[in-house]
1. What single numbered condition from (1) open to solvent by 70 Å² or more (accessible area, probe 1.4 Å); (2) assigned to a loop (DSSP other than H, G, I, E, B) fails to hold for ARG9?
2. Could you pull out the residue among GLY35, GLY25, GLY46, GLY20 that is buried (at least 16 other Cβ atoms within 10 Å of the Cβ) and touching a Cys at 6+ places or on another chain (Cβ under 6 Å)?
3. Applying the selection to the stretch 31-50, what residues are aliphatic (A, V, I, L, M) and farther than 11 Å from GLU7 by Cβ?
4. Of these, ALA82, ALA96, ALA133, ALA87, which one is surrounded by 14 or more Cβ atoms within 10 Å (Cβ to Cβ) and touching a Phe, Trp or Tyr at 6+ places or on another chain (Cβ under 8 Å)?
5. List the residue pairs whose Cβ atoms are under 7 Å apart, where the first residue sits in the stretch 111-123 and is closer than 9 Å to ARG88 by Cα, the second is open to solvent by less than 50 Å² (accessible area, probe 1.4 Å), and the two are 6 or more positions apart or on different chains.
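The values are calculated or read from the model by the stated rules, or taken from the named source; none is laboratory data. Quick caveat: nothing in here was measured; it's all calculated off a predicted structure. Every residue, glycine among them, receives a Cβ derived from its backbone with ideal geometry; neighbour counts consider all protein chains shown. Note: accessible area is taken over every heavy atom of the protein model, side chains too, but ligands, DNA and RNA are not part of it. Shrake-Rupley method; radii C 1.70, N 1.55, O 1.52, S 1.80 Å.
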Amino acid sequence: MDRALTEARAAAARGEVPVGAVIVGPDGAVIAHAGNRTRELSDPTGHAEMLAIRSACALLGSERLAGCDLYVTLEPCPMCAAAISFARMRRLYYGASDPKSGGIEQGPRIFTHPTCHHAPEVYAGIAEPESAALLRSFFASRRGQSYHGGD
């Protein structure tokens, strides 16, 4: 999760919402990492998870990431949760909960739907204080708002 936090800090430095993601392969080695780039790429799908999944799939030459684990600093949104399911990821570890836009334990709870063909093991609250602090700081400095997730 330290690498994901580094990616989140880099995203914040670029003016992006500070979310970072890292994918670890079956052998325990990092195979992909990314931070949010929605503004930089002018792409609403430029979430850290989506970019890391694309990179890992390209590296492995497969649309499936079975046996891979995803570490992300914020609870994935519904779009990213669906991509995690489609990629058949083994485990998801995330930091801060996202009461506004989350798709795992908040909102639509993508992995609980009968139409969800694969649900990874989910571990929430990993480095939650650090992840939530990055988000609070970012929103306080950019918009005068704060992030209340995980409090």
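1. (2)
2. GLY25
3. If we filter the stretch 31-50 for residues that are aliphatic (A, V, I, L, M), which is where we start, we get 31-32, 34, 41, 48, 50.
Hits for the stretch 31-50 are ILE31, LEU41, MET50.
4. Answer to the check: ALA96.
5. Close Cβ pairs (under 7 Å, with a partner that is open to solvent by less than 50 Å² (accessible area, probe 1.4 Å)) amount to HIS117/SER85; HIS118/SER85; ALA119/SER85; ALA119/PHE111; PRO120/ILE84; PRO120/MET89; PRO120/LEU92.
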